[in-house]
DNA sequence: GATAAATCCGACATACATGTCCGATTTAGA
DNA sequence: TCTAAATCGGACATGTATGTCGGATTTATC
């Protein structure tokens, strides 16, 4: 599962992907569009910026941009600052099984963990954009994503 | 992922499976064997008991027993009091997608969620027991599971 | 009947994720 | 040069999972 921060990060990244050509998008505008808590999103964006996923511009008309094109960015890359994406070397039982002699729980856990890791690593942002909103300008049809209530 | 409580529940259930014929096992003994926090494990066991997974006996020589045979119990059944096992109708983005017109994120999320649900639902306790410790008496070789440090 | 072993129950403590707030700094534009 | 829009950073509040503690109750055994 993704943490809430991870989901915000992904939503923000997708939003920015849809405004790739435009001027930077501010945290306030993005929070408005995504209907998520403004100050918390701002914090998430700062972290994504530090992590190198976003480029930030300060001052008037500032905001955030993706540091790479949506086609180059995977979900895993977007959420990694918040959600550990590495396949943990743990079995269902919580202990670190030795991979040389894995217990049955270990194998089963891996099976589902692989599925998760693979999906996060292989899915690109462009795969999650509706229609052809990938890179064009002026496209302003935000995806209907979340149900977080407005405060 | 399983919560810590879910992992404790699973470890406890497996421990009880290995002592199915014996007299009930107390929370204190189990915590000792599993090397997990005693009072917290006690809380988990009470909840499992209320949930119907365990039968409890109060008083001297009391403790807990599995309410069914290990072969009849699935991981999903064991942890369901703590970890929601139902496939959430949510996509990667956090919102409840309508299943009649799922977004791409929805489909990918389901893919990995299915893997998780299927494994939890299909894996029986007996599948996780080492060797033939399933139901026999006097077998006292607890599996080496966890790394929680002793307090 | 007294004692000790055990479940039961709730109150409290701690850790971490989430969310809010405010002040400092940067910067475009009037 | 002033103002407003914006990032930045830290302090604080809240909620939930985890962990700890103390007492009440049940019950086998002496």
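The values are calculated or read from the model by the stated rules, or taken from the named source; none is laboratory data. These numbers were taken from a predicted model, which means no experiment stands behind them. With ideal geometry, Cβ positions are generated from the backbone for all residues, glycine too; neighbour counts draw on all protein chains shown.
Return the residues of region B:18-31 that are modelled with pLDDT under 95 and surrounded by fewer than 22 Cβ atoms within 10 Å (Cβ to Cβ); say none if nothing qualifies. Of everything in region B:18-31, those that are modelled with pLDDT under 95 and surrounded by fewer than 22 Cβ atoms within 10 Å (Cβ to Cβ) turn out to be B:20, B:21, B:22. Checked against the criterion of being at pLDDT 95 or above and either farther than 24 Å from residue B:14 by Cα or outside any helix (DSSP H, G or I) (or both), the candidates B:89, B:61, B:109 yield just one match: B:61. Any residue at all in region A:97-104 that is more than 14 Å from chain B (Cβ to nearest Cβ), at pLDDT 65 or above and surrounded by fewer than 20 Cβ atoms within 10 Å (Cβ to Cβ)? Checked against the condition, which is being more than 14 Å from chain B (Cβ to nearest Cβ), at pLDDT 65 or above and surrounded by fewer than 20 Cβ atoms within 10 Å (Cβ to Cβ), region A:97-104 yields no hits at all.
Of the residues examined, residue A:54 is not one that is within 11 Å of residue A:10 (Cα to Cα), within 13 Å of the chain's Cα centre (by Cα) and near DNA strand D (Cβ under 9 Å from one of its atoms).
Among what's in region A:59-76 and is closer than 25 Å to residue A:120 by Cβ and free of Cβ contacts under 8 Å to residues at least 40 places away in the same chain, pick the residue that is nearest to DNA strand C (Cβ to nearest atom).
Of the residues in region A:59-76, the ones closer than 25 Å to residue A:120 by Cβ are A:64-76.
Subset that is free of Cβ contacts under 8 Å to residues at least 40 places away in the same chain: A:67-68.
Values: A:67: 17, A:68: 22 Å.
Looking at residues that are closer than 25 Å to residue A:120 by Cβ and free of Cβ contacts under 8 Å to residues at least 40 places away in the same chain, I get A:67.
Find the residue count for region B:39-51, including only residues that are more than 10 Å from DNA strand D (Cβ to nearest atom) and more than 14 Å from the chain's Cα centre (by Cα). Of the residues in region B:39-51, 1 are more than 10 Å from DNA strand D (Cβ to nearest atom) and more than 14 Å from the chain's Cα centre (by Cα). Scoring residue A:142 on the criteria (1) part of a loop (DSSP other than H, G, I, E, B); (2) modelled with pLDDT of 80 or more; (3) surrounded by 14 or more Cβ atoms within 10 Å (Cβ to Cβ) leaves a single failure, condition (2). Taking region A:1-58 as the region of interest, the helices (runs of 4 or more DSSP H) fully inside it that hold 3 or more residues being within 14 Å of another protein chain (Cβ to nearest Cβ), within 15 Å of DNA strand C (Cβ to nearest atom) and under 21 Å from residue A:127 (Cα atoms) are A:4-18.
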